1. What distance in nm lies between label points placed 7 Å from Cα along the C-beta direction at residue 16 and residue 97?
2. Determine the sum of side-chain charges near residue 93: Lys and Arg each +1, Asp and Glu each -1, restricted to other residues whose C-beta is under 12 angstrom from that of residue 93.
3. Using a Förster distance of 25 angstrom, determine the FRET efficiency expected from the C-beta separation of residue 79 and residue 47, and round it to 0.05.
4. Ordered by residue, what ³J(HN,Hα) values in Hz, to whole numbers, does segment 88-94 give under the Karplus form 6.51 cos²θ - 1.76 cosθ + 1.60, where θ = phi - 60° and Gly and Pro are x?
5. So for segment 5-111, Kirkwood radius off the Cα pairs, Stokes-Einstein at 4 °C and 1.567 mPa s: how many µm² s⁻¹?
Amino acid sequence: MADGAPRMVFLGFGKYVRADKIYALEPLGEGLRGHGARTHVWVDGIAEPIVASRTERAIVAAMGGNPGSENARIVDEALDLAQRVADAAEQGKVDVVDLGRRARRLLASTTRTESEQLF
């Protein structure tokens with residue numbers, strides 16, 4: 001960061017770690033994913049990995065890597081939405097209002113306005 005302070009990275013589940021302490025990210029395999037768990041985050045000074053609800057791409061972007069990746073953000077939001085719908089459907093409770101709101105916001109972020117069109 002510009003002022004030299006370490007950047008805090010949100011991992012989900014109310015967990016934050018310093019970006020300069022993260023030394024490895026490990027995507028969870030199919031059998032281990034679910035209920036928001038997506039990535040193991042290895043942090044200097046902590047023996048066991050922290051389970052994050054964010055994808056490794058989202059964590060790397062939050063750490064300052066690949067800062068211009070709008071496509072990665074959109075994919076991560078879509079994956080988060082799909083995971084939430086799948087989890088809610090499994091539990092028999094789908095919040096259709098929240099689902100619609102999040103889907104509209106995601107779709108709106110991917111459409112170009114008249115001034116942004118290439119031709």
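1. Each label point is offset 7 Å from its Cα along the Cβ direction, giving 3.0 nm.
2. Values: positive: 84; negative: 87, 90, 95, 98.
Surrounding charge for residue 93 is -3.
3. So, using R0 = 25 Å, E works out to roughly 0.30.
4. Ordered by residue, 3J(HN,Hα) equals 5, 5, 4, 8, x, 9, 10 Hz.
5. Diffusion coefficient, whole number: 87 µm²/s.
Each reported figure results from applying straightforward, stated rules to the coordinates on display, with no laboratory input. Just so it is clear, the structure is predicted and the values come from calculations on it, not from any experiment. Positions of Cβ are backbone-derived with ideal geometry, glycine not excepted, and every protein chain shown enters the neighbour counts.
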